[in-house]
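A short write-up of the structure that comes next.
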Amino acid sequence: PRRHLILIRHGQYDESAGDDSGRVLTALGKRQAVQAGKRVAELLSQPGAVCRGVHSSRLARAVETADLIHAQLNNVPRLPGDPQLNEGVPCHAIPDGVHHAAAVYRDGARIEAAFRKYFKRALPWDEID
């Protein structure tokens, strides 16, 4: 069997806010999310296409983007936000970025756990996920 995971980054958001609750989508970001949702709906209209759910992190901009995408889809569950999907520092940036080792240590394991949770190879005898 073949699986497709569609990864969509959040739409444009207000970066001036001091905390996550204020980092919401701009008007452009909302349009981007709706357009992404329409494209996913188009992909799902093909024979045999199935969507098991819409996932997101718990960050405000990601939740808002996922909700707008979900609104374009029929009969697709909107799953609760998963903090493992929150952004972080997975490794030291190369060539010129430097991150504190503590951030890499903290975030790297969480990001790896999220990867292992959501990305799995379909086995030949798998009929469904």
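Name every residue in the range 102-125 that is of a type in the set (D, E, K, R) and either closer than 21 Å to ARG3 by Cβ or in a loop (DSSP other than H, G, I, E, B) (or both), in order of residue number. Give the derivation first.
Step one: of the range 102-125, the residues of a type in the set (D, E, K, R) are 106-107, 110, 112, 116-117, 120-121.
Correct list: GLU112, ARG116, LYS117, LYS120, ARG121.
List the pairs whose first member sits in the range 36-58 and is closer than 30 Å to ASP20 by Cβ and of a type outside the set (Phe, Trp, Tyr), whose second member is open to solvent by 50 Å² or more (accessible area, probe 1.4 Å) and assigned to a loop (DSSP other than H, G, I, E, B), and whose Cβ atoms are under 6 Å apart, counting only residues at least 6 apart or on separate chains?
Note: pairs meeting the criteria are ALA36/ILE8; GLY37/GLN72; LYS38/GLN72; ALA41/GLN72; ARG52/ASP129; GLY53/PRO77; GLY53/LEU79; HIS55/LEU79.
Can you pull out every residue in the range 116-129 that is surrounded by 12 or more Cβ atoms within 10 Å (Cβ to Cβ), modelled with pLDDT of 80 or more and not hydroxyl-bearing (Ser, Thr, Tyr)?
Of everything in the range 116-129, just one residue is surrounded by 12 or more Cβ atoms within 10 Å (Cβ to Cβ), modelled with pLDDT of 80 or more and not hydroxyl-bearing (Ser, Thr, Tyr), namely LYS117.
What are the residues in the range 48-97 that are open to solvent by less than 50 Å² (accessible area, probe 1.4 Å), at pLDDT below 95 and not in a loop (DSSP other than H, G, I, E, B), if any?
If the condition is that a residue be open to solvent by less than 50 Å² (accessible area, probe 1.4 Å), at pLDDT below 95 and not in a loop (DSSP other than H, G, I, E, B), then no residue fits.
Which residues, counting only those in the range 15-27, are open to solvent by 80 Å² or more (accessible area, probe 1.4 Å) and of a type outside the set (Gly, Ala, Ser)?
If the condition is that a residue be open to solvent by 80 Å² or more (accessible area, probe 1.4 Å) and of a type outside the set (Gly, Ala, Ser), then GLU15, ASP19 are the ones that fit.
So which residues in the range 1-13 are under 20 Å from GLY81 (Cα atoms) and exposed (fewer than 14 other Cβ atoms within 10 Å of the Cβ), if there are any at all? Break it down stepwise before answering.
Restricting attention to the range 1-13, the residues satisfying the condition of being under 20 Å from GLY81 (Cα atoms) are 5-13.
Across the range 1-13, the qualifying residues are LEU5, ILE6, LEU7, ARG9.
When residues of the range 28-47 are filtered for being open to solvent by 70 Å² or more (accessible area, probe 1.4 Å) and small (Gly, Ala, Ser), how many remain?
So the answer is 1.
The values are calculated or read from the model by the stated rules, or taken from the named source; none is laboratory data. All of these numbers come straight from a predicted model, not from anything done at the bench. With ideal geometry, Cβ positions are generated from the backbone for all residues, glycine too; neighbour counts draw on all protein chains shown. The accessibility values were calculated without ligands, DNA or RNA, using every heavy atom of the protein model including side chains. Shrake-Rupley method; radii C 1.70, N 1.55, O 1.52, S 1.80 Å.
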